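Engineer: First the structure, which I've put down as structure tokens, then a few questions once you've had a look.
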Amino acid sequence: MALEEADQARVDELAKRASSAFAESDLGQVRQLYGQVLEIDPAHPAANYWLGYLECREGRPENGVNYLRTATESALACAEWLAPDSLVELGMALNTLGQADEAAEQFATVQQRFPNYAEGQLSIAEDLGGDEHLVESAIDACHRGLLVNGRHNGLLKKTAELLEQEERWDEAADFWGHLAKLSAPQANLHIKMGIAWQHHGEADYAREQFDKALAIEPENEAATFAMVQLLDEQGEPKEIIPRLKRLAKAKPESARVALALANYLRKYGRLAEAIDWWRSGLAREPNWDDSWRDLGLGLEHLHRINEAVEAYRHAVEAVPDNSENHRYLASALQDAGQLDSALESFNRATELNTDNADAHWGRFWVRALRGEFPAAWDDYEWRWKLSNRNTPKLDDSTPLWDGNDLSGQTIFLRAEQGYGDTIQAIRYAPSLVEMGATVKVGCPPALARLLADAPGVSEVATGNAGTVTYHCHQAMFSLPRLLGTTLDSIPGPAPYLKAQSQAGLELPQTKGILRVGLVWQGSGSQSLDRRSVPFEFLKPLLEQERTLFFSLQLGDAAHDPGRAGVEEKIADLSPLMDDFASTATLMEQLDLIITIDTAVAHLAGALGKPTWLLLSATPDWRWMLERLDSPWYPSMQLFRQAKPGDWSEPLAKLREELGRTI
């Protein structure tokens with residue numbers, strides 16, 4: 001029966017206010033307003049629908065069913081736009097109450113009378129799914145559509161994708177499975193299912209699906225890639241290379257397969273083979289700059305620097321506006337000794353991306369190798385933003401010293417790099433004292449005893465430095481920039497550190513014998529470690545007459561298998577090297593230190609010990625190029641590689657020099 005005009009107006013007003021309250025999540029107000037609507041119009045479809053909806057959502061489906069039955073009857077009679085949702089809500093409530101048959105009747109009615117309902121829910125899900133805050137609502141729309149038509153492929157696919165978006169991987173896998181059962185055999189669906197199970201941590205289920213995908217399409221690239229990634233994650237590398245090689249043979253035109261094979265060959269230490277496959281893939285896709293960079297890095301690891309330069313030039317040609325391509329080229333040019341060209345490329349990299357910290361850092365290296373101080377120091381400050389930096393960030397919550405007056409001030413110097421860097425930079429403490437400062441130092445425990453006696457240092461803190469009082473602080477290696485250090489103004493002279501006498505560390509007296517300390521292996525902290533010398537190459541030194549060798553090597557290399565058979569010719573001091581103070585005490589009793597570029601080299605130089613430093617053809621910035629001495633450590637003599645990876649020449653010169661010394 002139609003309402004009186006006044007009643008209808010009142011109902012419309014109350015319904016409008018209820019809709020606004022719903023939008024504001026004021027559900028109490030919604031209930032009150034729709035309740036008032038029903039007092040006037042008990043069959044009102046929207047009021048019954050929303051009150052039924054709320055009852056069901058709040059765990060009272062038995063109440064909700066009554067409202068929803070009324071909503072459905074009214075909607076079918078006079079508000080058909082609301083009828084399908086009313087039927088679906090009623091069906092869901094009946095399912096909750098265990099009345100599955102009656103629920104199915106409601107869903108069937110929707111499918112019969114409103115055949116486009118499921119497709120409409122898919123459209124709603126697609127619209128909502130684009131907003132990360134509405135993904136759950138999109139999933140709900142899919143669910144409603146699938147209740148009406150559970151075989152709707154589009155809804156099954158969309159649901160799986162939305163569940164993946166929410167990282168509900170096991171549920172996503174189930175929906176991909178439902179879709180696979182309803183579809184003709186498709187490798188792609190099994191791949192999707194496998195990837196979802198893999199993300200959920202079910203490796204066996206994932207492998208089963210990848211196997212099914214490959215049974216359908218044995219040469220499917222995506223399935224093979226997914227399988228080898230799973231095998232790699234599971235620590236089963238044996239099958240990976242053979243699978244990829246079979247695929248490469250079946251698909252010789254595929255650049256992606258060749259490049260994937262190259263990447264896995266590199267990972268498993270077969271770099272020379274990887275080079276060939278990178279070249280093969282890039283012959284088919286020469287515009288993939290990231291693969292040119294992979295090739296270049298592989299060539300660098302094999303010390304084929306000139307070929308690496310050409311690879312990076314191809315990367316630049318492929319994508320000239322990529323700052324990283326210019327940076328990689330610059331780094332290889334630097335290693336090739338082409339510093340002018342390297343500087344041009346680093347400049348271009350920073351022009352394309354002014355925030356490319358690695359490019360600024362690389363430019364510092366070039367300028368430092370050329371001795372362009374103090375100008376080079378500005379780029380050194382970009383170290384704080386390096387992509388692979390693993391040291392702590394500089395705390396800026398307290399004042400940083402910016403070079404101003406230090407009279408009467410206490411400055412706290414923080415070690416923020418390696419041990420060697422800290423040993424090199426501690427020389428600046430007396431300069432700050434001359435400026436009127438009291439200098440406190442924060443450093444790792446291994447350096448604490450050594451630095452406690454360093455000139456100018458009043459206090460040393462390790463670990464949490466929160467208890468240290470100071471007026472300002474600074475990272476140690478920012479001091480060269482703040483003090484305008486040039487090659488002619490490096491603080492000194494050496495020795496600027498001294499060894500402490502320590503009981504139990506006395507070496508036996510050896511009259512007329514030259515006592516030589518040896519270090520041949522780096523710490524492993526560098527991904528491309530060119531510093532280390534195989535111990536086998538040092539064995540001829542041990543034959544030198546009137547010479548006694550002592551190993552100052554730490555870590556696994558202290559027990560290098562290459563020392564087998566020569567243990568009596570080199571004494572191992574590593575058990576006595578508890579920290580750098582102990583090492584300094586032992587080192588002070590030696591006549592000569594022969595070392596690669598490690599913290600031991602810096603310690604020897606800081607102690608003023610005669611030190612022979614073996615350097616790769618691509619040395620660290622502080623050793624510069626071509627010089628046989630070091631402005632940082634006057635007691636040091638440098639023996640440089642002429643060719644990357646070839647230690648024969650510097651070792652031959654060093655052995656000759658050792659013979660003359662004795």
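The values are calculated or read from the model by the stated rules, or taken from the named source; none is laboratory data. Computed from a predicted structure; not experimentally measured. No Cβ is skipped: glycine too gets one built from the backbone with ideal geometry, and neighbour counts run over all protein chains shown.
Engineer: Scan Ala93, Ala118, Ala160 and give me the residue that is assigned to a helix (DSSP H, G or I), under 24 Å from Trp197 (Cα atoms) and among the small types (Gly, Ala, Ser).
Structural biologist: Exactly one residue qualifies, and that residue is Ala160.
Engineer: Can you tell me which residue within the stretch 610-647, out of those that are more than 35 Å from the chain's Cα centre (by Cα) and touching a residue at least 40 places away in the same chain (Cβ under 8 Å), is nearest to Val519 (Cα to Cα)?
Structural biologist: Filtering the stretch 610-647 for residues that are more than 35 Å from the chain's Cα centre (by Cα) and touching a residue at least 40 places away in the same chain (Cβ under 8 Å), the one nearest to Val519 (Cα to Cα) comes out as Trp612.
Engineer: Of the conditions (1) in the same structural domain as Ser635 (by TED's automatic domain parsing); (2) on the phi > 0 side of the Ramachandran plot, Gly504 fails just one. Which one is it?
Structural biologist: Here Gly504 clears every test but (1).
Engineer: Also: Hey, which of the helices (runs of 4 or more DSSP H) in the stretch 292-373, taking only ones fully inside, have at least 2 residues that are among the polar types (S, T, N, Q) and out of contact with any Lys or Arg (no Cβ under 9 Å at 6 or more places or on another chain)?
Structural biologist: The helices (runs of 4 or more DSSP H) meeting that bar are 323-335.
Engineer: Exactly one of these conditions fails for Ala223: (1) under 30 Å from Gly130 (Cβ atoms); (2) in contact (Cβ under 8 Å) with a residue 12 or more places away in the chain; (3) part of a loop (DSSP other than H, G, I, E, B). Give me its number.
Structural biologist: (3)
Engineer: Still on this structure: Report whether or not Glu239 is more than 28 Å from Leu329 (Cα to Cα) and part of a helix (DSSP H, G or I).
Structural biologist: Yes, satisfied.
Engineer: Identify, from the list Leu163, Leu147, Leu94, the residue that is outside the structural domain of Arg60 (by TED's automatic domain parsing), surrounded by 16 or more Cβ atoms within 10 Å (Cβ to Cβ) and over 42 Å from the mean Cα position of the chain (by Cα).
Structural biologist: None of the others qualify; the one that does is Leu147.
Engineer: Considering the stretch 586-622 alone, what residues qualify as being buried (at least 22 other Cβ atoms within 10 Å of the Cβ) and part of a helix (DSSP H, G or I)?
Structural biologist: Met587, Ala599, Val600, Ala601, His602, Leu603, Ala604, Gly605, Ala606
Engineer: For the stretch 196-220, give me each residue that is over 22 Å from Ala184 (Cβ atoms) and not in a helix (DSSP H, G or I).
Structural biologist: His200, Gly201, Glu202
Engineer: What is the number of the single condition among (1) in contact with a Leu (Cβ under 7 Å, 6 or more places away or on another chain); (2) farther than 21 Å from His602 by Cα that Lys511 does not meet?
Structural biologist: For Lys511, the exception is condition (1).
Engineer: Give all pairs with beta carbons closer than 6 Å in which a residue from the stretch 350-367 that is in contact (Cβ under 8 Å) with a residue 40 or more places away in the chain meets a residue that is in a helix (DSSP H, G or I); count only pairs at least 6 apart in sequence or on separate chains.
Structural biologist: Final answer for the pair search is Phe364/Asp379; Phe364/Tyr380; Trp365/Trp621.
Engineer: Now, a different point. Return the total of residues in the stretch 453-465 being among the small types (Gly, Ala, Ser), surrounded by 15 or more Cβ atoms within 10 Å (Cβ to Cβ) and within 15 Å of Val433 (Cα to Cα).
Structural biologist: Number satisfying all stated conditions: 2.
Engineer: Follow-up question, since we're still on this one. Regarding the stretch 40-49, can at least one residue be identified that is under 52 Å from the mean Cα position of the chain (by Cα) and surrounded by fewer than 20 Cβ atoms within 10 Å (Cβ to Cβ)?
Structural biologist: no
Engineer: How about the stretch 491-531: which of its residues are closer than 19 Å to Leu615 by Cβ, in a loop (DSSP other than H, G, I, E, B) and modelled with pLDDT of 95 or more?
Structural biologist: The answer is Trp520, and nothing else.
Engineer: Output the strands (runs of 3 or more DSSP E) that fall wholly within the stretch 385-471 and possess 2 or more residues being within 28 Å of Ala359 (Cα to Cα) and in contact (Cβ under 8 Å) with a residue 40 or more places away in the chain, or say none.
Structural biologist: 410-414
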